[in-house]
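**Q** Just dropping this structure here.
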Amino acid sequence: MNAWEAYMDKRVPGARELCTKDMQECLQAGYTWENDYLPTLNTVQASRERFEKAVASFRSVTEHLSQRIRERFGKDLDADVVLYMGLCNGAGWVTEVNGRTTVLLGVEKITELDWCDTDSMNGLIVHELGHVYQEQYGRLHAETEGKAERFLWQLFTEGVAMVFEQEVIGDAGYFHQDRDGWKEWCESHEGLIRSSFYADLDTMTRENQRYFGDWVSFEGYGDVGYYLGTRFVRFLMKADSFDGIIGYEVGRVKEGFEEFMRTSI
């Protein structure tokens, strides 16, 4: 761990404080450095071919990305995108480093998940920039009261990022999580996902939530919250534009979700 902490600021000054704080929260939730962090970092050394493929995909995806976003939305994003070894908290994280909006991509998690091909990298980077777009042109962060509102807001913002991703790529049915029948299963079990999320809201915590992350499981599938969030935002877009939706306050999101729950699939 000492070597990891010493490394953190070398490439991205300011990253150490962010990442160590996040790690401490994970350790408090029951994860450990030896069993969860270090093995993930070691996968990069054991999978050099995947690592090199990820780097090549990163370069390919980012080469004309600003132009693609401008062509679809007519706006520019002011952000740095960094492929980073040692992030440890996931495949992607939008944060602020030294006053700059920064997308940190964890190459060790990308390697572990085998999201190294161009399509997966495309989805991952554009998804994170969807959060940046909402932050710069709408409302990404909101004051929430209680855990139910916090997780509903997470569902909303992840749905926004997923729709942004689909729009830039040009495919409303695209999900970068679609592996081994994931999308087909979500489509056929949308009612279950929807009702379960609604029922879980009042008791959901970071430790027991089963909707966000490849490491959690909902009926044997991870990341189902991203599917539900996308469906929710697409529902909202029936009555409002994407640029209008990203500025919603918590109250409007809650109203929209209640409407979403009342509609038939």
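The values are calculated or read from the model by the stated rules, or taken from the named source; none is laboratory data. These numbers were taken from a predicted model, which means no experiment stands behind them. Cβ atoms come from the backbone with ideal geometry, glycine included; neighbour counts cover every protein chain shown.
**Q** Can you confirm whether Leu152 is more than 22 Å from Ser57 (Cα to Cα), aliphatic (A, V, I, L, M) and either in the same structural domain as Gly30 (by TED's automatic domain parsing) or in contact (Cβ under 8 Å) with a residue 40 or more places away in the chain (or both)?
**A** So Leu152 passes the test.
The rows are residues; the columns are (1) part of a helix (DSSP H, G or I); (2) in contact (Cβ under 8 Å) with a residue 24 or more places away in the chain; (3) under 18 Å from the mean Cα position of the chain (by Cα).
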site: Leu129; (1), (2), (3): yes, yes, yes
site: Ala148; (1), (2), (3): yes, yes, no
site: Gly159; (1), (2), (3): yes, yes, yes
site: Gln166; (1), (2), (3): yes, yes, yes
site: Phe175; (1), (2), (3): no, yes, yes
site: Leu192; (1), (2), (3): yes, yes, no
site: Ala199; (1), (2), (3): yes, no, no
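**Q** Another one. Which residues, taken from region 131-146, are at pLDDT below 95, part of a helix (DSSP H, G or I), under 23 Å from Leu83 (Cβ atoms) and not charged (D, E, K, R)?
**A** Listed by number, the residues that qualify are His131, Val132, Gln136.
**Q** Go through the residues of region 38-45 one by one and say whether even a single one is farther than 21 Å from Met121 by Cα and either loosely packed, with under 12 Cβ neighbours inside 10 Å or in the same structural domain as Gly90 (by TED's automatic domain parsing) (or both).
**A** For region 38-45, residues farther than 21 Å from Met121 by Cα and either loosely packed, with under 12 Cβ neighbours inside 10 Å or in the same structural domain as Gly90 (by TED's automatic domain parsing) (or both): present.
**Q** Going by what's in this entry, would Glu5 be described as more than 23 Å from the chain's Cα centre (by Cα) and of a type outside the set (A, V, I, L, M)?
**A** yes
**Q** Within region 1-54, considering only helices (runs of 4 or more DSSP H) that don't extend past its boundaries, which have at least 1 residues that are modelled with pLDDT of 85 or more?
**A** Fully inside region 1-54 and qualifying: 15-28, 38-46.
**Q** Right, here's the next one. Can you tell me which residue is nearest to His127 (Cα to Cα) among those in region 204-216 that are without any contact (Cβ under 8 Å) to a residue 12 or more places away in the chain and exposed (fewer than 13 other Cβ atoms within 10 Å of the Cβ)?
**A** Here the answer is Trp215.
**Q** Within region 55-64, which residues are aliphatic (A, V, I, L, M) and either surrounded by 17 or more Cβ atoms within 10 Å (Cβ to Cβ) or outside any helix (DSSP H, G or I) (or both)?
**A** Passing the criteria: only Val61.
**Q** Consider only pairs whose beta carbons are under 8 Å apart and that are at least six residues apart or on different chains; among these, list those whose first residue lies in region 3-15 and is hydroxyl-bearing (Ser, Thr, Tyr) and whose second residue is surrounded by 14 or more Cβ atoms within 10 Å (Cβ to Cβ) and not in a helix (DSSP H, G or I).
**A** Tyr7/Gly86
**Q** Out of region 114-123, which residues are touching a helix residue (DSSP H, G or I) at 6+ places or on another chain (Cβ under 7 Å), surrounded by 17 or more Cβ atoms within 10 Å (Cβ to Cβ) and in a helix (DSSP H, G or I)?
**A** Hits for region 114-123 are Met121, Asn122, Gly123.
To keep it simple, each residue is scored yes or no on (1) surrounded by 15 or more Cβ atoms within 10 Å (Cβ to Cβ); (2) in contact with a helix residue (DSSP H, G or I) (Cβ under 6 Å, 6 or more places away or on another chain); (3) assigned by TED's automatic domain parsing to the domain that holds Gly123.
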| residue | (1), (2), (3) |
| --- | --- |
| Glu187 | no, no, no |
| Phe232 | yes, yes, no |
| Phe242 | yes, no, no |
| Gly256 | yes, yes, no |
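**Q** Given the structure, is Glu149 charged (D, E, K, R) and crowded, with 17+ Cβ neighbours inside 10 Å?
**A** Against the criterion (charged (D, E, K, R) and crowded, with 17+ Cβ neighbours inside 10 Å), Glu149 qualifies.
A quick yes/no check of all residues on (1) crowded, with 19+ Cβ neighbours inside 10 Å; (2) at pLDDT below 90; (3) of a type in the set (A, V, I, L, M); (4) more than 20 Å from Ile246 (Cβ to Cβ):
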| position | (1), (2), (3), (4) |
| --- | --- |
| Arg70 | no, no, no, no |
| Lys75 | no, no, no, no |
| Leu87 | yes, yes, yes, yes |
| Arg100 | no, yes, no, yes |
| Glu112 | yes, yes, no, yes |
| Ile125 | yes, no, yes, no |
